[in-house]
Amino acid sequence: MASNDRQAREERARLRTYQARQEVHARKQRRRTRDNVIAVVAVLALATAAQLLYFNGGPGTPEAEPTATPTPPAGENEGDVPSADIAEGRTWTGTLTLNDIPLGVELDGAAAPQAVSSEISLIQSGFYDGTTCHRLTKDNIWVLQCGDPVGDGTGGPGYSYGPVENAPADNLYPAGTIAMARQPLDGYSHGSQFFIVYEDTTLTPDEAGGYTVVGRVTNGLDELRAGITDAGTADGATDGAPAVAVTIAGFTIE
């Protein structure tokens with residue numbers, strides 16, 4: 001039985017990696033096409049870059065500098081996006097275990113039905129099991145980013161969806177918030193990557209909006225700080241791989 005379970009986990013991991021690579025390739029192709037069109041027809045204005053959490057490009061906070069910011073397209077879901085009905089408009093509770101630290105979690109299916117439905121589908125399929133938390137930020141932005149099957153910030157579940165749901169009107173994400181990562185200027189680029197806010201953080205929205213809040217950590221946040229985030233990043237920078245390697249040992253929801 002143990003051998004069969006191990007083989008099943010390995011097969012899921014291989015499938016996640018293949019889907020993620022295919023999704024990355026397709027996204028790059030779409031971006032090239034979009035960027036070429038923008039270069040020809042868009043009238044660009046200089047603006048200061050917002051503080052962004054994104055999952056395509058891996059660790060690294062963009063520098064605040066003048067940059068061309070085209071108005072993003074309305075967007076649409078791509079791939080086999082789980083039905084928004086899965087969330088049932090209710091609150092879901094469960095446990096997210098990072099290394100040996102269990103975090104009680106609560107997902108709000110009424111406030112963010114599409115995002116929570118996607119999370120429920122991924123959790124129940126075992127998608128997250130064995131994936132890592134690849135990014136830790138500190139100093140003004142205090143988050144731990146997880147859920148990338150590739151492990152470097154470029155991966156996803158093979159689909160993307162939007163729009164932004166349940167972003168706070170005051171741009172404040174309190175400690176314990178669980179929210180979805182996305183690409184800059186693209187409210188339809190949500191996938192499997194999410195971040196846990198471990199200290200109160202203000203995040204500036206861009207033209208696509210803020211960040212979809214799917215729920216919160218209900219207990220275990222102090223243990224997360226003590227066991228993982230207090231150690232900072234591996235190279236001592238304010239944004240990078242966690243000094244303490246972090247693996248999702250389990251994720252349950254009901």
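Values quoted throughout were computed directly from the atomic coordinates according to the rules given, and no laboratory measurement underlies them. Here the structure is a predicted model, which means the values were calculated and not measured. Backbone-built Cβ (ideal geometry, glycine too); neighbour counts: all protein chains shown.
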Review point. Taking the simple approach of a point 7 Å from Cα along Cα-to-Cβ for both Thr238 and Glu88, what is their distance in nm?
Key: 4.4
Practice item. Give me the percent of Cα-Cα pairs in segment 80-188 that sit more than 22 Å apart, rounded to a whole number. Key: 33
Review point. Expressed as a whole number of Å, what is the distance separating the alpha-carbon centroids of segment 201-254 and segment 142-180?
Key: 10
Practice item. Work through the residues other than Ala237 whose Cβ is under 10 Å from its Cβ and net out their charges, Lys, Arg +1 and Asp, Glu -1. Key: -2
Exercise for review: Under 12 Å from the Cβ of Ala84, count the other residues' Cβ atoms, weight Lys and Arg +1, Asp and Glu -1, and hand me the total.
Suggested key: -4
